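Undergrad: The structure follows.
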Amino acid sequence: MFSAYLSRNAPADFQGGDFQDIPLWREMNYKLISLIISRHSGPLIIPMTIVNPAYYDEIIGRLIADGLDVRHFILYASKDEIKRRLLFRISGIFGGDTFALSSIDRCIHAFDNLITGNKIDTEQMSIDEVVGEIAQKCDISLPPDKKTKLGKFLFRMSVLRRHIR
């Protein structure tokens with residue numbers, strides 16, 4: 001949650017590497033998630049990839065230990081598919097290599113061996129299908145999507161542009 005903030009606001013010599021290695025980053029995420037859940041009656045969906053089991057326990061494990069309803073989903077795909085998606089998302093549109101591309105093997109290894117969760121094989125799924133499956137597994141009714149294909153595309157591109165580091 002805070003990596004985008006840090007990438008935009010931290011000094012240049014603070015940039016690079018994995019923000020998750022910073023203990024304060026993990027603590028801030030845990031505290032913010034706890035605060036939001038305590039003040040919000042609906043579900044909170046957080047797209048976050050945590051592959052270090054100790055860091056996962058510091059954030060997700062603590063939330064569960066606090067008695068919060070946490071549903072963890074691993075959006076899974078093959079290495080080739082992940083790379084294709086990242087290249088489209090980042091290099092294909094905005095240029096440059098990213099931390100995400102260099103982390104593919106580490107993430108696949110972690111989700112195959114270290115971190116458990118409800119795996120959703122997204123290899124052949126659209127974003128809307130993934131959202132629908134998560135909603136179904138969480139027993140959430142989604143309102144009808146009234147956006148056009150162009151509207152969805154433009155929205156997704158604006159989100160991608162804001163989250164690339």
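The values are calculated or read from the model by the stated rules, or taken from the named source; none is laboratory data. Just so it is clear, the structure is predicted and the values come from calculations on it, not from any experiment. Quick reminder, even Gly has a Cβ in these numbers, built from the backbone with ideal geometry, and neighbours come from all protein chains shown.
Undergrad: Name the residues in region 128-150 that are outside any helix (DSSP H, G or I) and not hydrophobic (A, V, I, L, M, F, W, C), would you? Lay out the reasoning, then the answer.
TA: Here is the first cut: in region 128-150, the residues outside any helix (DSSP H, G or I) are 138-148.
Across region 128-150, the qualifying residues are ASP139, SER141, PRO143, PRO144, ASP145, LYS146, LYS147, THR148.
Undergrad: Show me the helices (runs of 4 or more DSSP H) entirely contained within region 43-91 in which 2 or more residues are within 16 Å of the chain's Cα centre (by Cα) and in the same structural domain as ILE22 (by TED's automatic domain parsing).
TA: By residue number, 53-56.
Undergrad: When the residues of region 25-42 are narrowed to those that are polar (S, T, N, Q) and assigned to a helix (DSSP H, G or I), which ends up surrounded by the fewest Cβ atoms within 10 Å (Cβ to Cβ)?
TA: Our first condition is that a residue be polar (S, T, N, Q); within region 25-42, this holds for 29, 34, 38, 41.
Then keep just the ones that are assigned to a helix (DSSP H, G or I); that gives 29, 34, 38.
Numbers: ASN29: 23, SER34: 15, SER38: 9.
The qualifying residue surrounded by the fewest Cβ atoms within 10 Å (Cβ to Cβ) is SER38.
Undergrad: Go over the candidates ARG161, ARG156, ARG84 one by one and state the one that is modelled with pLDDT of 85 or more, loosely packed, with under 14 Cβ neighbours inside 10 Å and among the basic types (Lys, Arg).
TA: Details: ARG161 fails: modelled with pLDDT of 85 or more; ARG156 fails: modelled with pLDDT of 85 or more.
Testing whether each residue is modelled with pLDDT of 85 or more, loosely packed, with under 14 Cβ neighbours inside 10 Å and among the basic types (Lys, Arg) leaves just ARG84.
Undergrad: Tell me yes or no: at least one residue of region 26-43 is without any contact (Cβ under 8 Å) to a residue 12 or more places away in the chain and either closer than 23 Å to ILE104 by Cβ or touching a Cys at 6+ places or on another chain (Cβ under 9 Å) (or both).
TA: no
Undergrad: So which residues in region 133-146 are in contact with a Phe, Trp or Tyr (Cβ under 7 Å, 6 or more places away or on another chain) and either more than 22 Å from TYR76 (Cα to Cα) or not assigned by TED's automatic domain parsing to the domain that holds ILE120 (or both), if there are any at all? Please lay out each step first, then the result.
TA: Filtering region 133-146 for residues in contact with a Phe, Trp or Tyr (Cβ under 7 Å, 6 or more places away or on another chain) gives 134.
Matches in region 133-146: none.
Undergrad: Do you know which of the residues in region 108-127 that are assigned to a helix (DSSP H, G or I) and under 16 Å from the mean Cα position of the chain (by Cα) is farthest from LYS152 (Cα to Cα)? Working first, answer last.
TA: Filtering region 108-127 for residues assigned to a helix (DSSP H, G or I) gives 108-113, 127.
Now narrow it down to the ones that are under 16 Å from the mean Cα position of the chain (by Cα): 108, 110-111, 127.
Values: ILE108: 28, ALA110: 31, PHE111: 29, ILE127: 10 Å.
Top of the filtered list is ALA110.
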